[in-house]
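Here the structure comes first, spelled out in structure tokens, and everything after it is commentary.
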């Protein structure tokens, strides 16, 4: 089993409910064990004119291969109404593999560590709630260094529901 961190986001169709439903689906993945989830956060969309996002990070221990997990995550997105109409467009659910154990993955369909996570407070701060304080990404970067370079500004930590 390898520890995997999954970024979660939604800005359509009751985003917090979308994340809770996704957590149930993650907990039922084969050859996997749900470990936990961060608090939920709200953040502005990266593109103007879209509703705010609700984000979180989930942790799993899994024996699924990276691409099998990616397929499972995309099936969960589709089951929850995700339509891929435009890049970075609004979505009911977005599930991204952020870290997959200590693996560096560079496949056409999957890059791990996630290629934009270093610049996204809505990923780093929830991740820091779950990950060990001294977490070193497979590419050598320390989570604490990424946090120090990425201000919390614009994030709102939501109260537990």
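The values are calculated or read from the model by the stated rules, or taken from the named source; none is laboratory data. Keep in mind that this is a model prediction, so the values were computed, not measured. Here the Cβ is made from the backbone with ideal geometry for all residues, glycine too, and neighbour counts use every protein chain on show.
Restricting attention to the range 21-50, the residues that are surrounded by fewer than 15 Cβ atoms within 10 Å (Cβ to Cβ), free of Cβ contacts under 8 Å to residues at least 60 places away in the same chain and outside any loop (DSSP other than H, G, I, E, B) total 3. When you scan the range 67-75, do you find a residue that is closer than 18 Å to residue 130 by Cβ, in contact (Cβ under 8 Å) with a residue 40 or more places away in the chain, within 16 Å of the chain's Cα centre (by Cα) and surrounded by 13 or more Cβ atoms within 10 Å (Cβ to Cβ), even just one? Within the range 67-75 (the criterion being closer than 18 Å to residue 130 by Cβ, in contact (Cβ under 8 Å) with a residue 40 or more places away in the chain, within 16 Å of the chain's Cα centre (by Cα) and surrounded by 13 or more Cβ atoms within 10 Å (Cβ to Cβ)), the answer is yes, since at least one residue qualifies. The strands (runs of 3 or more DSSP E) located wholly in the range 103-161 that include 2 or more residues which are surrounded by 15 or more Cβ atoms within 10 Å (Cβ to Cβ) occupy 110-112.
Among the residues making up the range 51-66, those that are in a loop (DSSP other than H, G, I, E, B), modelled with pLDDT of 95 or more and either crowded, with 21+ Cβ neighbours inside 10 Å or in contact with a strand residue (DSSP E or B) (Cβ under 9 Å, 6 or more places away or on another chain) (or both) are 63, 64. Each residue in the range 129-157 was checked for being touching a helix residue (DSSP H, G or I) at 6+ places or on another chain (Cβ under 7 Å), over 17 Å from residue 44 (Cβ atoms) and touching a residue at least 40 places away in the same chain (Cβ under 8 Å), and 1 pass.
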